[in-house]
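Trainee: Structure incoming, see below.
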Amino acid sequence: MLILIPILAAVPVLADQPVAYSHKQHLAFGLQCLDCHSSADTSAAAGIPSVRKCMLCHAKIGTANPEVNKVIAYANSQREIPWQRVYGFPRESLVRFQHAPHARAKIGCATCHGDMTQATTAQRLVKHTMGSCLSCHRQNQASEDCAACHY
């Protein structure tokens, strides 16, 4: 029996963020996804970068920018930036998504996250559904066993 579960209903497409962050701008400077999301290819979650990671560049770069100054203020107060997730699965979906196996299978970030070179705000560009996940699994000969993704 196949049960369809809306897997992203509780995650906002566009959330109010504490800092106006542009993937487009950072990628245009030559950064790659793994430069900031360094655990995306080795662990379950890509993770949201820590303020410390932001400060590796922004201690010196962009310090006249008001948004960068917000990052600096979080760092100076030793607080993490309270980013709002725009990708993720609500607990009731019982989805256990893991980045690492997708990275090992050479599934590019844009496949699931869209063309971030055009994202001027932290927003969800791709809506994930059980159908879109299954379609990709079929195209890539990945497991369609429910237990591969659901717990």
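Trainee: How large is the helix-only mean residue ellipticity at 222 nm for the chain, computed as the sum of -39500 (n - 2.57) over DSSP H runs with n ≥ 4, divided by its residue count, in deg cm²/dmol to the nearest 500?
Mentor: Using -39500 (n - 2.57) per qualifying helix, the result is -8500 deg cm²/dmol.
Trainee: Another question about this same structure. Give me the distance in nm between label points sitting 7 Å out from Cα along the Cα-to-Cβ direction at residue 24 and residue 80, one decimal.
Mentor: Each label point lies 7 Å from its Cα, and together they span 2.9 nm.
Trainee: Please give the Cα centre distance for segment 10-85 versus segment 91-137, rounded to the nearest Å.
Mentor: 19
Trainee: Under the Kirkwood approximation applied to all pairs of distinct alpha-carbon atoms, what is the hydrodynamic radius of segment 70-135 in Å? Intermediate values should be presented prior to the final figure.
Mentor: Numbers: mean 1/r = 0.0690 Å⁻¹.
Computed over Cα pairs of segment 70-135, the Kirkwood hydrodynamic radius comes out at 14.5 Å.
Trainee: Only four residue types carry charge here, +1 at the Cβ of Lys and Arg and -1 at the Cβ of Asp and Glu. Report the dipole size of the chain about the Cα centre in Debye, rounded to the nearest 20.
Mentor: On the way: 14 positive and 9 negative charges, 42 e Å.
The dipole of the chain has a size of about 200 debye.
Trainee: Just how large is the dipole of segment 77-130 about the Cα centre, in debye to the nearest 20, putting +1 at every Lys and Arg Cβ and -1 at every Asp and Glu Cβ?
Mentor: Numbers: 8 positive and 3 negative charges, 29 e Å.
That gives segment 77-130 a dipole magnitude of about 140 debye.
Trainee: I want to verify a result. In a Gaussian network model of the chain, Cα cutoff 10 Å, which of these has the top mean-square fluctuation: 135, 39, 22?
Mentor: 135
Trainee: To continue, here is another question. Rg to Rh ratio, segment 21-113, alpha-carbon atoms and Kirkwood radius?
Mentor: Dividing the radius of gyration by the Kirkwood radius yields 1.00.
Trainee: Through the Karplus equation 6.51 cos²θ - 1.76 cosθ + 1.60, θ set to phi - 60°, convert the phi angles of segment 96-113 into ³J(HN,Hα) values in whole Hz; use x for Gly and Pro.
Mentor: 10, 7, 10, 5, 3, x, 5, 5, 4, 7, 6, 7, x, 3, 5, 4, 9, 9
Trainee: In segment 1-148, if the dipole is taken from +1 on Lys/Arg beta carbons and -1 on Asp/Glu beta carbons about the Cα centre, which of 68, 28, 98 is farthest to the positive end?
Mentor: Projecting each Cα onto the dipole axis, the largest value belongs to 68.
Trainee: So what J values fall out for segment 136-147 if you push phi through Karplus, 6.51 cos²θ - 1.76 cosθ + 1.60 with θ = phi - 60°, rounded to Hz, Gly and Pro as x?
Mentor: With the stated coefficients, segment 136-147 comes to 5, 4, 5, 5, 10, 6, 8, 4, 10, 5, 3, 5 Hz.
Trainee: To the nearest 10 degrees, how steeply does helix 66-76 sit against the main Cα axis of the chain, on a 0 to 90 scale?
Mentor: Result, in degrees: 90.
Trainee: Going down the list 53/127; 24/60; 60/106; 24/70, which pairs span over 22 Å between their C-alpha atoms?
Mentor: Working: 53/127 28 Å; 24/60 20 Å; 60/106 34 Å; 24/70 19 Å.
Flagged as over cut-off: 53/127; 60/106.
No value in this document is a laboratory result; all are computed from the given coordinates. Note that the structure is a prediction, hence the values are computed from the model and not measured. Cβ coordinates were reconstructed from backbone atoms using ideal geometry, including for glycine residues, and neighbour counts include every protein chain displayed.
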